[in-house]
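Novice: Following this message is one structure expressed as structure tokens.
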Amino acid sequence: MSPQDSPSIPMDAAEALTRFVVSAQLMLDPLTPEAMRRQVEPRLLETLPTLQALGVFELFAIRDPALHALVQDELSTRRRLLLQEAAA
């Protein structure tokens, strides 16, 4: 699937899934330096619209509580901003 296939999916699905998994693994690895975690987090978060459009979060659960909370908070914030834009 490519961005041309669906305008609601901003990046290639395989790229988004790969980037999310690799970023999550780095963030959860206790040996990953904090500076690298801070660099990886935005890359992980930018994959969320694509993964949400694909329905990934309806099919799979994130088991790590901190990562789950991060993803849910970001998705909630994005949802709230979209609703505010639609209301304006």
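Each value in this text was obtained by applying a stated rule to the coordinates, not by laboratory testing. What you see is a predicted model, and the numbers here were worked out from it, not measured in a lab. Every residue, glycine as well, gets a Cβ built from its backbone with ideal geometry; the counts of neighbours run over all protein chains shown.
Novice: In deg cm²/dmol, rounded to 500, what helix-only [θ] at 222 nm does the chain give when every DSSP H run of at least 4 residues adds -39500 (n - 2.57) and the total is split over its residues?
Specialist: Only helices count here, giving -22500 deg cm²/dmol.
Novice: His68 to Asp29: FRET efficiency via 1/(1 + (r/R0)^6), r the Cβ-Cβ distance, R0 25 Å, to the nearest 0.05? Before the final figure, lay out the partial values.
Specialist: Numbers: r = 17 Å, r/R0 = 0.67.
Computed FRET efficiency for His68 and Asp29 comes out at 0.90.
Novice: Another one. Once whole DSSP H runs in the chain are found, which of them have Cα atoms spread over 18 Å or more along the helix axis and a mean Kyte-Doolittle score of at least 1.6? Write down the numbers at each step before the final one.
Specialist: Details: long enough: 13-28 (22 Å, 1.17); 34-46 (19 Å, -1.05); 65-87 (33 Å, -0.13).
In the chain, no H run is both long and hydrophobic enough.
Novice: What list do you get for Phe57, Phe20 if you sort them by fewest beta carbons within 10 Å?
Specialist: Phe57, Phe20
Novice: Just rank Met36, Met27, fewest to most, by other beta-carbon atoms within 10 angstrom. Spell out each step's value before the answer.
Specialist: Details: Met36 13, Met27 19.
By the 10 Å Cβ count, ascending: Met36, Met27.
Novice: Who wins for biggest fluctuation among Ala16, Ala24, Ala61 in a Gaussian network model of the chain, springs between alpha carbons below 10 Å?
Specialist: It is Ala61.
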